Amino acid sequence: MTETRPLRPETIAAAHGVASDAAFGAIAPPLYLSSTYEFAGFEQPRVYDYGRAGNPTRDLLADALARLEGGGGAVVTASGMAALDLVVSQLPAGAGVIAPHDCYGGTMRLLKAREQLGQLSLQLVDQRDCDAVGAALAGSPDLLLIETPSNPLLRVVDIAALSAQAKAAGAAVAVDNTFLSPALQRPIALGADYVIHSTTKYLNGHSDVIGGAVIAADAGKAERLSHWANVVGCSGSPFDAWLTLRGLRTLFPRMHQQQLSAMVIAQMLDHHPAVSAVHYPGLAAHPDHALAARQQLGFGAMLSFELAGGVDAVKRLIAALRLFTFAESLGGVESLIVHPATMTHADMGDAARHVAGIGAGLLRVSVGLEAEKDLVEDLAAGLAVC
């Protein structure tokens, strides 16, 4: 009997499902677009019967993601927001939810909308403040939602410590791992019950798919999530799953190169007179640098910085850039720059942005795969007019 050796994550990403086609021996896993499947006979359904409930291509991606995150199972959804809502939908009516005070604007919008409908009670907490977290957990909430590094200020919180606190209080833990992906961070190993992804970002990596995923540590919880995804119809499309699986093949080399460039850019920005602050955990001066070095497998390719000249400087910089595209989203092979206050986090409102520390001079950058020197030169030219 041949012993099966555990595969390293890089191998799982590159090869899961390769050469597994029993019909024709195709190397690339086939794309199954069928919306329905023939029964073998009366009361004899096959493994798949209807596309909303299950699809071979989507399931192959889900299995790859579960393996990469070290989970018991995964569900692929139509978007990252659908993935978050799938987790929230498992909570009892009136459930208590603790979320970061500086979380992604779409996350805050969804949770506040559910709260307004009376479906949950939301507490926004600075999760780097131990006393604040302890006070919130004293109310016996049902879910602690963690986002680390945070969007857009790249704050890092201790997943293991927060998970232990939450479990002691009887709360489940969900971690948004979109910014780092399983290439650089694995929350389940640190105590998380669920990992949430916008697969639109690094997992796909090519800015041509909208998708999401939830990975559950427990196989039973993964099955319940899958059942509910079928009930409400939030599953991702087979073609999007196929594209995401293709993008997943290069996740590790993409992340490796992108974070190398991000470090060089962060160091350049950190010494530029037009920049008043740089938020990148890879910098030794970042307040969460030591935690990030311990908890993460790398510092990632996302960073943000603040211009000393405020919003007027932002406008001049954006107009001068050639390689950094002024657009929302992140994690693609192309470099993007966004103004959170007027774009990704606009719905938070002025007061919430002020509390979170998202000012008018803040810009968020997703570093792509362009030549490192070209990116540095492009930013330097833009900063020269600030």
Check your understanding: Are there any pairs with C-beta distances below 9 angstrom linking a residue in segment 12-28 that is within 17 Å of residue 65 (Cα to Cα) to a residue that is acidic (Asp, Glu) and surrounded by 13 or more Cβ atoms within 10 Å (Cβ to Cβ), with the two at least 6 apart or on different chains, and if so which?
Key -> 16/63; 17/63
Exercise for review: Answer yes or no as to whether residue 259 is in the same structural domain as residue 332 (by TED's automatic domain parsing) and in contact (Cβ under 8 Å) with a residue 12 or more places away in the chain.
Suggested key: yes
Review point. Residues of segment 177-194 being among the aromatic types (Phe, Trp, Tyr) and farther than 18 Å from residue 143 by Cβ, which ones?
Key: 179
Review point. For segment 238-245, does any single residue satisfy the condition of being in contact with a helix residue (DSSP H, G or I) (Cβ under 6 Å, 6 or more places away or on another chain), surrounded by 22 or more Cβ atoms within 10 Å (Cβ to Cβ) and either among the basic types (Lys, Arg) or within 25 Å of residue 91 (Cα to Cα) (or both)?
Key: no
Revision key, fill the gap. Per the filter on segment 265-289, residues of a type in the set (A, V, I, L, M), outside any strand (DSSP E or B) and within 17 Å of residue 363 (Cβ to Cβ) are 265, 266, 268, 269, 274, 283
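Is it the case that some residue within segment 348-361 is of a type in the set (D, E, K, R) and over 24 Å from the mean Cα position of the chain (by Cα)?
Within segment 348-361, one or more residues are of a type in the set (D, E, K, R) and over 24 Å from the mean Cα position of the chain (by Cα).
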Review point. Is there a residue in segment 195-210 that is at pLDDT 95 or above, under 30 Å from residue 383 (Cα atoms), touching a Gly at 6+ places or on another chain (Cβ under 7 Å) and of a type in the set (S, T, N, Q)?
Key: yes
Practice item. Please tell me if residue 106 is surrounded by fewer than 20 Cβ atoms within 10 Å (Cβ to Cβ) and under 28 Å from residue 363 (Cα atoms). Key: yes
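Residue by residue, here is whether (1) of a type in the set (Asp, Glu); (2) under 28 Å from residue 337 (Cα atoms); (3) surrounded by fewer than 24 Cβ atoms within 10 Å (Cβ to Cβ) holds:
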site: 65; (1), (2), (3): no, yes, no
site: 85; (1), (2), (3): yes, yes, yes
site: 96; (1), (2), (3): no, no, yes
site: 112; (1), (2), (3): no, yes, yes
site: 125; (1), (2), (3): no, yes, yes
site: 129; (1), (2), (3): yes, no, yes
site: 137; (1), (2), (3): no, no, yes
site: 152; (1), (2), (3): no, yes, no
Exercise for review: Give the number of residues within segment 169-212 that are farther than 19 Å from residue 91 by Cβ and either assigned to a strand (DSSP E or B) or in the same structural domain as residue 255 (by TED's automatic domain parsing) (or both).
Suggested key: 1
Practice item. Keeping to segment 320-347, report how many residues are without any contact (Cβ under 8 Å) to a residue 24 or more places away in the chain and closer than 18 Å to residue 381 by Cα. Key: 2
Check your understanding: Which condition does residue 166 not pass, out of (1) over 27 Å from residue 277 (Cα atoms); (2) outside any helix (DSSP H, G or I), if it passes all the others?
Key -> (2)
Point to revise | Residue in segment 348-383 that is surrounded by the fewest Cβ atoms within 10 Å (Cβ to Cβ), counting only those that are free of Cβ contacts under 8 Å to residues at least 40 places away in the same chain and of a type outside the set (Lys, Arg) | key: 351
Practice item. Just give me the residues in segment 285-319 being closer than 25 Å to residue 198 by Cα and without any contact (Cβ under 8 Å) to a residue 40 or more places away in the chain, in sequence order. Key: 289, 293, 294
Study note, to complete from the structure: Subset of segment 338-366, residues in contact with a strand residue (DSSP E or B) (Cβ under 7 Å, 6 or more places away or on another chain) and either at pLDDT below 95 or in a loop (DSSP other than H, G, I, E, B) (or both), comes to 339, 340, 341, 344, 359, 361
Check your understanding: List the pairs whose first member sits in segment 90-110 and is among the aromatic types (Phe, Trp, Tyr), whose second member is at pLDDT 95 or above, and whose Cβ atoms are under 8 Å apart, counting only residues at least 6 apart or on separate chains?
Key -> 104/147; 104/176
Revision key, fill the gap. Residue hits (segment 225-264; β-branched (Val, Ile, Thr) and outside any helix (DSSP H, G or I)) are 250
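The values are calculated or read from the model by the stated rules, or taken from the named source; none is laboratory data. The model shown is predicted, which means the values in this text are computed figures rather than measured ones. With ideal geometry, Cβ positions are generated from the backbone for all residues, glycine too; neighbour counts draw on all protein chains shown.
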